[in-house]
Amino acid sequence: MATLIHTLADHSDDVNCCAFSSSCLATCSLDKTIRVYSLNNFAELPYSPLKGHTYAVHCCCFSPSGRLLASCSTDGTTMVWDSHDGRMLAVLEQPSSSPVRVCRFSPESTYLVSGAADGSVVLWNMQSLKLYRSGNVKDGSLVACAFSPDGNFFVTGSSCGDLTVWDDKLRCLYNEKAHDLGVTCCDISSQPISDGEHGFRYFQMASCGQDNRIKLWLILFAHFLGVELKCKYTLNGHSAPVLACAFSYDGQMLVSGSVDKCVIIYETNTGNTLHTLSQHTRYVTTCAFAPYSPLLATGSMDKTVNIWQCDLKQPCAGNTVENESKVAVEDWSEDDVSAWLRAQDLADFVGLFKMNNIDGKELLNLTKESLTNELKIESLGLRSKVLQKIEELRMNMSSVTIPDEFLCPITRELMKDPVIAADGYSYEKEAMENWISTKRRSSPMTNLPLPSLMLTPNRTLKMAISRWLETQQK
């Protein structure tokens, strides 16, 4: 279930965007301000609100490390702030001075993208804080943007309904008419999908628009093949234009907000609706999942931001260590360690660890002696609990990761008897037979009707799994 646990009502006008880092939530508004809150208790930070824009602030986003916060405005600028103390670090002026509608950091914080009402898109170099590349979409205002998790490409969405794929040199790779009445938002899941048969990795993207629809796409990006964009399915749960969509960190859920005042949470694999939330009294303009905790934020033209605790069968963030696999524990920042402490029910130690600058490398080196003598944790029980969690973290680091293509999409367990269904995907035989026996004649992966209920043994995949298991036993 999703439980409303807190409401923020500090903005004096419509809330346009909300964004999480591992320790903070940022919100921005037509009231020209950006507000920043601690995830510990949802208290506003001492330096908040951030003031500098002279007109409405349309979008805000954190850099992947959480150290930088960017915001963009009708005033034609994108501002970069230090999220630790609220200092303004740069004012990046859109070359055309057109109102800036969207901004996004690349996964490595190498670049910041800003997109404007005149269709201009700019890549800013984050080291020099200078313009690196600029371009334009074919038609319409640029209103949406999302980076692939590897940083090799990003997608923009325009008010004329196009999705455009760009590489990191701002070369246009692909263009697709996606929503007849205009795109409003797009997001790319941080968890790619592996294609066991061909060895490709597909990226999942969601887009939404004025046509009341959400579309889930599969993007294949390969330098030797170019870009391939396929619509996996369309969701029609909203009765009015959909203004926002976002994936959970593990990619298993998708959330959307609409002019119909509702927030809908979907299961990504099937497109099934998990929850419909209707606490906002005006249009829902923004929604975002927190990266490492089961929190969801939704913002609205009713001037509020609602914070939800998601307690679902498939949790919003799952296990922090598993989902953090993209970043090795020894490379964790202090904020990553803080997020891990919260996930382990050790939030009381966040301040102590931050004060002692405990990052991932320091965390793995902690011992009973250092907890006692350096961090001054006097309670034997608390020391033991912290050490136990650190030991679990070390064990998770050394555990073997099963290739994704060997896991059944239904059970997410290693397949023993894989079969190919009529949708072209492979499943564990028993799981797929159970799926069909419950009179579900649609694909678990695409949610489209299955043209046939025939299941064909996938002997090639079964042999590959057997060979992999043999290598693990040596």
Report task. Please find, within region 414-435, the residue that is surrounded by the most Cβ atoms within 10 Å (Cβ to Cβ) out of those that are among the aliphatic types (A, V, I, L, M) and touching a residue at least 40 places away in the same chain (Cβ under 8 Å). Result -> Met415
Query raised in the report: Going by the structure shown, is Ser73 in contact with a Phe, Trp or Tyr (Cβ under 8 Å, 6 or more places away or on another chain) and under 19 Å from Thr285 (Cα atoms)?
Result: yes
Report summary line: Matching residues in region 221-260 (aliphatic (A, V, I, L, M) and without any contact (Cβ under 8 Å) to a residue 24 or more places away in the chain) number 2
Report summary line: Those residues of region 37-47 which are modelled with pLDDT of 95 or more, over 14 Å from Thr304 (Cα atoms) and surrounded by 20 or more Cβ atoms within 10 Å (Cβ to Cβ) amount to none
Query raised in the report: Does at least one position in region 77-87 carry a residue that is open to solvent by 10 Å² or more (accessible area, probe 1.4 Å), among the acidic types (Asp, Glu) and assigned to a strand (DSSP E or B)?
Result: yes
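Per-residue answers, yes or no, for (1) under 20 Å from the mean Cα position of the chain (by Cα); (2) of a type in the set (Ser, Thr, Tyr):
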residue	(1), (2)
Val122	no, no
Lys130	no, no
Ser134	no, yes
Phe147	yes, no
Phe153	yes, no
Cys160	no, no
Query raised in the report: Any residue in region 138-156 that is modelled with pLDDT under 95, touching a helix residue (DSSP H, G or I) at 6+ places or on another chain (Cβ under 8 Å) and farther than 15 Å from Thr78 by Cβ?
Result: yes
Query raised in the report: Does Gly115 meet the test of being at positive phi and open to solvent by less than 20 Å² (accessible area, probe 1.4 Å)?
Result: no
Report summary line: Checked Glu378, Glu330 against criteria (at pLDDT 80 or above, among the acidic types (Asp, Glu) and open to solvent by 20 Å² or more (accessible area, probe 1.4 Å)); the one match is Glu378
Query raised in the report: Here are some residues: Arg133, Arg101. Which one is farther than 27 Å from Tyr202 by Cα and either open to solvent by 20 Å² or more (accessible area, probe 1.4 Å) or not aromatic (Phe, Trp, Tyr) (or both)?
Result: Arg101
Report task. For region 1-34, name all the residues that are polar (S, T, N, Q) and within 22 Å of Cys185 (Cβ to Cβ). Result -> Asn16, Ser21, Thr27, Ser29, Thr33
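Out of curiosity, is Ser109 of a type in the set (S, T, N, Q), more than 19 Å from the chain's Cα centre (by Cα) and either under 20 Å from Val91 (Cβ atoms) or not in a loop (DSSP other than H, G, I, E, B) (or both)?
When the stated conditions are applied, Ser109 does not pass them.
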Query raised in the report: So which residues in region 360-381 are under 36 Å from the mean Cα position of the chain (by Cα), of a type in the set (A, V, I, L, M, F, W, C) and either more than 12 Å from Gln344 (Cβ to Cβ) or not assigned by the TED database to the domain that holds Gln344 (or both), if there are any at all?
Result: Leu364, Leu366, Leu371, Leu375, Ile377
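The values are calculated or read from the model by the stated rules, or taken from the named source; none is laboratory data. In this text the structure is predicted, and so the values were computed from the model without any measurement. Neighbour counts run over all protein chains shown; Cβ positions are idealised from the backbone, glycine included. Heavy atoms of the whole protein, side chains included, go into the accessibility calculation; ligands, DNA and RNA do not. Shrake-Rupley method; radii C 1.70, N 1.55, O 1.52, S 1.80 Å.
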